[in-house]
1. For the range A:21-53, give me the residue count where each residue is among the hydrophobic types (A, V, I, L, M, F, W, C) and without any contact (Cβ under 8 Å) to a residue 40 or more places away in the chain.
2. Could you list, ordered by first residue, the pairs with Cβ atoms under 8 Å in which the first is in the range A:191-202 and more than 8 Å from chain B (Cβ to nearest Cβ) and the second is among the aliphatic types (A, V, I, L, M) and part of a helix (DSSP H, G or I), at least 6 apart or interchain?
3. Return yes when residue A:134 is part of a helix (DSSP H, G or I) and either modelled with pLDDT of 90 or more or touching a strand residue (DSSP E or B) at 6+ places or on another chain (Cβ under 7 Å) (or both) and no when it is not.
4. Before we move on, is residue A:103 modelled with pLDDT of 85 or more and buried (at least 21 other Cβ atoms within 10 Å of the Cβ)?
5. I'd like the full set of residues that are within 13 Å of chain A (Cβ to nearest Cβ), more than 17 Å from residue B:112 (Cα to Cα) and either among the hydroxyl-bearing types (Ser, Thr, Tyr) or not in a loop (DSSP other than H, G, I, E, B) (or both), limited to the range B:1-29.
6. Just checking, how many residues over the range B:108-122 are among the aliphatic types (A, V, I, L, M) and surrounded by fewer than 19 Cβ atoms within 10 Å (Cβ to Cβ)?
7. Take residue A:501 and decide whether it is touching a Gly at 6+ places or on another chain (Cβ under 7 Å), small (Gly, Ala, Ser) and modelled with pLDDT of 85 or more.
8. Taking the condition modelled with pLDDT under 85 and hydroxyl-bearing (Ser, Thr, Tyr), does residue A:387 pass?
Amino acid sequence: MRKKALQVLLVEDNAGDARLLREMFSKEAAGSFELVHLTHMREAEDRLRAGGVDIVLLDMGLPDGHGLETLRRARAAAPEVVMIVLTGMEDEELAAEAMKEGAQDYLIKGQIENRALPRALRHAIERQRMQRETEQMRKNEVQLRDEFLSHVSHELRSPLTSIYSFSTIIADGLAGETTPQQNDYLQIILRNVHQLQAMIEDLLQVTRAQAHKLSVDLESVPLNEAIGYAVDTLRGAATEKKIHLSFQPSARLPSVFGDATRVRQVLTILLDNAVKFTPAGGTVKVEAGEYEKDESMLLIEVSDTGCGISPEASDRIFEHLYQVTDPGHAGRRGLGLGLHIAKDLVTRQGGKIWVRSELEKGSQFFFTLPIFSLAGVIRPILTNDKSAGDSLALITADVECRDGSPDVPRKTLDVARMVLQQCLRADSDILLPGIGPVCEHKRFFVVANTRQSGAESIGSRIQNQLRRHEEFQSDNFTFTISHSFLPPLIRAANETMEAFAEQVAAEVRDHINDVCLQGAI
Amino acid sequence: MSQEKILVVDDDPDVRLGLQLRLNANHYEVITAGDGVASIAEARKHMPDLMILDLGLPAGDGFSVLERLKANEKLSSIPVIVLSGRDRVGNRDRAIKAGARTFLQKPMANEKLLAVIRMVLDAKGRTPEVVYDLVDPLS
């Protein structure tokens, strides 16, 4: 079988260098390489997004891109494509940085031997393939372990059911009278049944947490709702123990930039612990508000009047598998994974978690989450130059099921978001995160700093890339892409970029509301 | 009034016996079956007032039992409680869609299981109604 020619993209603005490099390929057997030569970063990005390139030879000094930025932009346009950077003789430091940023290799101009270049290309591709295989093997191993743990946990439930059911049958006297001592011992069995069950649940939760390791999807989350949800979940357990569980929603609480499911999960873990360790008649309270030390964050506090944690334990309580071993807390159950999971989730959403506690008085758990700021999201694409007004388009992409079903599967939406992201230009377009209840998440918004023709070309690129993706080959989904322009905005001479971004964000928000209302009618 | 009849379907004989003893003690008559085919045969023979159904079964799993019940005019009126060691996530909705009244996860505390059985039996004759689990396993 004849091998397919390797598609090489050479991005080099210096005509002399480019000619030298091309000559090196000319000696190779016909049909083994196909070379496309471009001189500007913008063109290269478009070419990469169109797909089909196997390897890029990238000069790091272009008319419209310099240094590591060129590599980052190329990788953003085509993360899977092998990149080799071309540097000058004095630039070995830059080359090392490029390797750290994901370049597969570097070549120093003027030191490339004739036959060495095609060989370097082949090696780079081979190396990337092997790296990917290793990564895949590691993933498979993790998955295998999780599947095993999950399987074992499920299998444990059945025998546990029988141990529980026969212990209670004897304890309840259904198999004849028992002596008080026998009854005491049966209670010990039952206590351990509960403990074992809690461990099984913990194990399952960890495998689930790890299976979803990558799925923290940041969006605008109304915090009151998330807290309300978690409080409702624990209401039953609290009432049963006669614990007063309280939360006062505040109308002024801004949304956070997090993952709604994960925020609820963290709160549920903290509340579950609080209820567990607080004696009957105690109080568990949730509060949320501004964080004094960092005004870009919100602070959430879960406090209880429970048994408290010793200072030594406070330092370690978030560690994997750490459990308070104080015999006074023998009533506790579980594997001690809850707080570890909570810390993992908070950290991945950009926050911090800590505890303040006093033995026999109670504990206060705190965590922070970033406040959602549309201005902060949009700020990077606004032009710093005062004289240049920004022309901003709002592009809307709707994904719908062809059969009219209102629920587009989560996985499909994830793929659509990824494809959209790849269609954008790194420095002038922004795909907005899901914006809470304003719109459903099957509607995506892109803010593009562009003129009319640019908005159209991004729109058609999105349409094409979505159609081409295998997720959408089944033809079960339809896409509607449209765009509209924001009124022209010009930054006043004395206005800071931050203030200007706020102004733009307000416009964007209005526009989104308009689009959503139109859809509703 | 004659005793209410409950058909317990589980492939683990220990689980069957445990449930039988507990239900007998609460004045229910109990019939048992250990696989999918037997469960349908026993249901035909005894026309129970309620079925407690495991999901992982030999000879036709719990979901296929639910489908067969639904497809049969006479048997479709038997209310089913699914009691399974499988994850609630995914399985609960599937079971309820297939016709089960509710999904309970093993191991289930006796009082809660008995309360749910009572609720489902009392709802008999009225419009089928899903008793969503207000119940967590054990504790």
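1. Residues that pass the stated criteria total 9.
2. Once the first residue is more than 8 Å from chain B (Cβ to nearest Cβ) and sits in the range A:191-202, its partners that are among the aliphatic types (A, V, I, L, M) and part of a helix (DSSP H, G or I) give A:196/A:156; A:196/A:160; A:200/A:156; A:200/A:160.
3. The answer is no for residue A:134.
4. The answer is yes for residue A:103.
5. Hits for the range B:1-29 are B:13, B:14, B:16, B:17.
6. Number satisfying all stated conditions: 5.
7. Spelling it out, it is not the case that residue A:501 is touching a Gly at 6+ places or on another chain (Cβ under 7 Å), small (Gly, Ala, Ser) and modelled with pLDDT of 85 or more.
8. Criteria met by residue A:387.
The values are calculated or read from the model by the stated rules, or taken from the named source; none is laboratory data. Here the structure is a predicted model, which means the values were calculated and not measured. Here Cβ is always computed from backbone atoms with ideal geometry, including for glycine, and neighbour counts include all displayed protein chains.
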